[in-house]
Amino acid sequence: MIRACLSSLAALLLASPWALAAEGGKIRVLTTSSSYAPIVRYIGGDKVEVEYIVKGYQDPHIVRPKPSLAVDLAKTDLLIATGLDLEAWLPTLQDMSGNPAIMSGQKGYVSVAAGLKIAEKPTSLDRSEGDVHIFGNPHIHTSPLNGKVIAENITIGLKKVLPQHAALFEANLKKFDAEIDRRLFGEQLVKLLGGKTLCRLAEKGQLYAFLEKKKFKGKPLTDFLGGWMKKALPLRGKKIVTYHKNWTYFSQLFGIEVVGYMEPKPGIPPTPGHISSLIDRMRREKITVVLAANYFDIGKVERVTEMTGAKPVVVALSVDGQPEMKTFFDQFDIWLDALNAAFASSGS
Amino acid sequence: MRAHGHSDGWSLVLPAVLAIAWLAFPARAPGQDGAPPDKATGEESEKSEAAGQAVSVEDVQRMRAQIRTLERQLEEIRERLEAEELEKLRQAADTTAASADDESESLMDRTYITASRSLQALNPEISVAGDFLAQLVVDEDFEAFYAGPHDRSGLPLRALDLHFQSTLDPFSFTKIAVGFDPAEGVGIEELYITWTGIVPQMSFTVGRFRQLFGVLNRWHEHDLDQTGYPLASQLLLGDEGLQQTGLSVKWLMPSLWAHTNELTLEVCDGENETLFSGEHFSVPTAMLHLKSYWDLSENTYLELGLSGMFGFNNRRGFEDEDREGAIVDEPWRKTFVGGADITLHWQPLQQARYRSLTWRSEGFWVSKEDLESAEYDHGWGVYSYLQYQLDAVWFVGLRGDLVEPLGSDRLHWLVVPYATFWQSEFVYIRMEFQHGEPFADCHDTRLLLQVNWAAGPHKHEKY
């Protein structure tokens, strides 16, 4: 009887739909953020099947570790996570899944933030500052420069799980990097100065100043600028308010100044007193745009913008968070277009 | 080394351009480009001829060759200058980009510090939770502010909980919860080690833990949606619920009839005094729990659970205090416990911070063989509650309890409306009203105020 039970148990285990994960030569990749998924598709090509946990219109801080998600993790060969403390719900899911391949430290687990220069690392940890992220700002996908590091980490993970396709992944990574360069700086400038140098200048916040100072063929280098950096030229030095510290990397790269937040402290809902002082400040400093991810309380954003005459810019924070945001690259076009339109219509 | 790259470069180009222009102008023979000579060029031709045929055809060809050579040289110079300019730009860009990296450190200033004495980072995650529960109790006639000798109005500090959590090695982690209760002293609520990832889709736990009987029994009191466990749980499973020492095997089964199925087998000592032998246990209890889960939509899920437990409630194998030298060896008496639970949860993903609705119900059935008569006593109980999230911080709910405890044919009931203010993930304040007949011959009404807080990484988690 016992032998029969054990045999049945073994048969059930083997018959489980996730017992053979890598069918047809493809591996199953699960990403936490929807913005990492298109990068995995870009690098992995037809060698991967990709799904993600957090929808683009969902607050990545608030995810229920539901049993169905644990099953998704159980079926996964490669788990792509941010790796900071944004996804505090993920270890519970990893434990629930019972999948040894995707545990922290295993080759099936990738932390895409590895090697990134993380912004807003707290110098002292104190909950009076709200729900602070102890390793710094985890919304890393909001900068195309970070996209390169994310892609590199994803490539390393794919190479470890599918070493026989390492050359393909490397080649796709090069293409991805080149596409980031071209979309960020424009083809002409990349030809002149090279993507690597431009990225370093941009990372240090010195790109615009350098381009303005230098000339080529008698013309200022800004004339050769294209891509998102050119699109962001009208936004340089512009002051905005955001709901949460979602856009730190984005604003730093494109020279937009975030002067206030709807939240009094990260993760703390807006209080009447804070909103009142924010409105005063917006009026005083003539701040005309409020940027918010579309999972926040839009009613509050609209009330503030109505009272100040500012324009609300409500956009998805991550891929698939709104219909036209399909790729990692789409994010930047949509955010920049929306901000440019808001500033243009506000007349500032 | 060019100190003034631009001016030097173009100073070379300028004479070259002039030279080409000078050579090109006299060399141009009218009509040679195929166009008919106009009047002016005709005159020039006559002048040339008048100059005594000074420029021969060979001269023209030679000069043209010179022009081509000079044009080539000019192009080369231009390309070289552009390349030089570009190279300088690149160097300047590299220098600018690297400028922030120039924070050089004198090697002699470096101090060498051992990390071996600073291994605090390996300490477990430690969290502290405090629970304050003030209550105003009135009796049936609203005359006395108490509902029994130990259930009075007051402002007690209910508990201080210490939580430790740590990964032990690549294969296992531990969780420890120690409770300090002003009334009952120190107690180990949980202390266990769990192995995950040893066998696919399975986890193994050994130690003392809250058993996975139903839903709420697994939760710590401060994680509950109300101030305390439902009446059915308290009266049938004991004040603290099923919290025993043993081992647990959890299996994430194939989906089969649901989106997720999970089967848990727990074998524990029968430490529970309400159901089993209490501290005088000798035979382990066995529990089986099946959880089936469906994602009804992106925003809604349904969870059904069935629990069954079996054990003995007689005492065996310890010294009899009444008879010196005798060993207690009571006849075998069995206890069966059954349970069913249902949870329906709605939380729109895009508004997860602001809206949710939870309906949760559980029913318990207990059958316990009497030690003296060997006849079975039966008891049953249910609770059901509905909770709605109004905004980012306010939750309101209503719970109803109905229980017929073991050895009683009288129904006990309680109605519990409540409101919770989530100040943050680490602090909440709850107001709760209770009315009913929770215990035998005790009809009471009470108003409770709970303040709960947690310091450290252990947040109040809702799942």
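The values are calculated or read from the model by the stated rules, or taken from the named source; none is laboratory data. Keep in mind that what you see is a predicted model, and the values were worked out from it rather than measured. Ideal geometry is used to build each Cβ from the backbone, glycine not excepted, and the neighbour counts take in all protein chains shown. In case anyone asks, the SASA skips ligands and DNA or RNA and just uses the protein heavy atoms, side chains included. Shrake-Rupley method; radii C 1.70, N 1.55, O 1.52, S 1.80 Å.
For segment B:297-317, which residues satisfy the criterion of being over 20 Å from B:LEU237 (Cβ atoms) and of a type in the set (A, V, I, L, M, F, W, C)?
B:LEU302, the sole residue that qualifies.
Can you tell me how many residues in segment B:87-107 are assigned to a helix (DSSP H, G or I), over 16 Å from A:LYS204 (Cα atoms) and at pLDDT below 85?
Qualifying residue count, segment B:87-107: 1.
Name the single residue, out of those in segment A:212-227 being in a helix (DSSP H, G or I) and at the interface with another protein chain (Cβ under 9 Å from one of its Cβ atoms), that is most open to solvent (accessible area, probe 1.4 Å).
Step by step, filter segment A:212-227, then rank; the result is A:LYS213.
Quick one: in segment B:290-311, which of the residues that are surrounded by 20 or more Cβ atoms within 10 Å (Cβ to Cβ) and away from chain A (no Cβ under 14 Å) is nearest to A:ARG64 (Cα to Cα)?
Step by step, filter segment B:290-311, then rank; the result is B:SER307.
Please verify whether segment A:69-83 includes one or more residues that are part of a loop (DSSP other than H, G, I, E, B), within 29 Å of B:TRP257 (Cβ to Cβ) and facing chain B (nearest Cβ under 8 Å).
No: segment A:69-83 contains no residue that is part of a loop (DSSP other than H, G, I, E, B), within 29 Å of B:TRP257 (Cβ to Cβ) and facing chain B (nearest Cβ under 8 Å).
If you go through segment A:97-155 one residue at a time, how many are within 25 Å of A:ALA293 (Cβ to Cβ) and outside any loop (DSSP other than H, G, I, E, B)?
Counting residues in segment A:97-155 that are within 25 Å of A:ALA293 (Cβ to Cβ) and outside any loop (DSSP other than H, G, I, E, B) gives 18.
Do the conditions hold for B:ASP223, that is, is it open to solvent by 10 Å² or more (accessible area, probe 1.4 Å) and farther than 29 Å from A:PRO100 by Cβ?
So B:ASP223 fails the test.
Would you confirm whether any residue within segment A:181-198 is at pLDDT 95 or above, more than 14 Å from chain B (Cβ to nearest Cβ), open to solvent by 20 Å² or more (accessible area, probe 1.4 Å) and under 30 Å from A:ILE134 (Cα atoms)?
no
Taking into account only those residues within segment B:383-434 that are at pLDDT 95 or above and of a type in the set (Gly, Ala, Ser), which is nearest to B:GLY363 (Cα to Cα)?
B:SER384
Which of the numbered conditions does B:ARG410 fail, given that it passes all the others? Conditions: (1) basic (Lys, Arg); (2) closer than 16 Å to B:VAL382 by Cα; (3) assigned to a strand (DSSP E or B).
Unmet condition: (3).
Output the residues belonging to segment B:383-399 that are within 12 Å of another protein chain (Cβ to nearest Cβ) and in contact with a Pro (Cβ under 9 Å, 6 or more places away or on another chain).
Across segment B:383-399, the qualifying residues are B:ASP391, B:ALA392, B:VAL393.
List the pairs whose first member sits in segment B:343-356 and is within 7 Å of another protein chain (Cβ to nearest Cβ), whose second member is among the charged types (D, E, K, R) and open to solvent by less than 20 Å² (accessible area, probe 1.4 Å), and whose Cβ atoms are under 6 Å apart, counting only residues at least 6 apart or on separate chains?
B:ALA352/A:ASP59; B:ARG353/A:ASP59
Counting residues that are within 22 Å of B:GLN423 (Cα to Cα) and open to solvent by 50 Å² or more (accessible area, probe 1.4 Å), which helices (runs of 4 or more DSSP H) fully inside segment A:232-311 reach at least 2?
A:272-284
Looking only at segment B:154-196, count how many residues are open to solvent by 70 Å² or more (accessible area, probe 1.4 Å) and small (Gly, Ala, Ser).
1
Return the residues of segment A:312-348 that are assigned to a loop (DSSP other than H, G, I, E, B), in contact with a helix residue (DSSP H, G or I) (Cβ under 9 Å, 6 or more places away or on another chain) and either under 20 Å from A:LYS245 (Cα atoms) or open to solvent by 10 Å² or more (accessible area, probe 1.4 Å) (or both); say none if nothing qualifies.
Result: A:ALA316, A:LEU317, A:SER318, A:VAL319, A:ASP320, A:GLY321, A:GLN322, A:GLU324, A:LYS326, A:THR327.
Please tell me if A:LEU235 is within 19 Å of A:PHE328 (Cβ to Cβ) and touching a helix residue (DSSP H, G or I) at 6+ places or on another chain (Cβ under 9 Å).
no
Sort out which residues of segment B:195-208 are more than 14 Å from chain A (Cβ to nearest Cβ) and at negative phi, and write them in order of number.
Once the filter is applied, which keeps residues that are more than 14 Å from chain A (Cβ to nearest Cβ) and at negative phi, segment B:195-208 yields B:VAL206, B:ARG208.
From the set of residues in segment A:32-64 that are in a strand (DSSP E or B), buried (at least 22 other Cβ atoms within 10 Å of the Cβ) and more than 12 Å from every other protein chain (Cβ to nearest Cβ), which is farthest from the chain's Cα centre (by Cα)?
Restricting to residues being in a strand (DSSP E or B), buried (at least 22 other Cβ atoms within 10 Å of the Cβ) and more than 12 Å from every other protein chain (Cβ to nearest Cβ), the top hit is A:VAL48.
Can you tell me how many residues within segment B:242-289 are open to solvent by 10 Å² or more (accessible area, probe 1.4 Å) and closer than 27 Å to B:THR227 by Cα?
The qualifying residues number 6.
Specify which of the listed residues (B:GLU425, B:GLU362, B:GLU375, B:GLU404) is within 14 Å of another protein chain (Cβ to nearest Cβ) and of a type in the set (D, E, K, R).
B:GLU425
Going by the conditions given, is B:ASN314 open to solvent by less than 10 Å² (accessible area, probe 1.4 Å) and modelled with pLDDT under 90?
In short, yes.
Within segment B:358-371, is there a residue that is surrounded by fewer than 18 Cβ atoms within 10 Å (Cβ to Cβ), farther than 26 Å from B:LEU296 by Cβ and either small (Gly, Ala, Ser) or touching a residue at least 40 places away in the same chain (Cβ under 8 Å) (or both)?
Yes, that holds for at least one residue.
Any chance segment B:203-217 includes a residue that's polar (S, T, N, Q), more than 20 Å from B:VAL382 (Cα to Cα), in contact with a helix residue (DSSP H, G or I) (Cβ under 6 Å, 6 or more places away or on another chain) and open to solvent by less than 20 Å² (accessible area, probe 1.4 Å)?
No, segment B:203-217 contains no residue that is polar (S, T, N, Q), more than 20 Å from B:VAL382 (Cα to Cα), in contact with a helix residue (DSSP H, G or I) (Cβ under 6 Å, 6 or more places away or on another chain) and open to solvent by less than 20 Å² (accessible area, probe 1.4 Å).
Among (1) surrounded by fewer than 22 Cβ atoms within 10 Å (Cβ to Cβ); (2) within 12 Å of another protein chain (Cβ to nearest Cβ), there is one condition A:GLN164 misses while meeting the rest; what is its number?
(2)
So which residues in segment B:219-257 are among the hydroxyl-bearing types (Ser, Thr, Tyr), within 14 Å of chain A (Cβ to nearest Cβ) and not in a loop (DSSP other than H, G, I, E, B), if there are any at all?
Selection gives B:SER248 alone.
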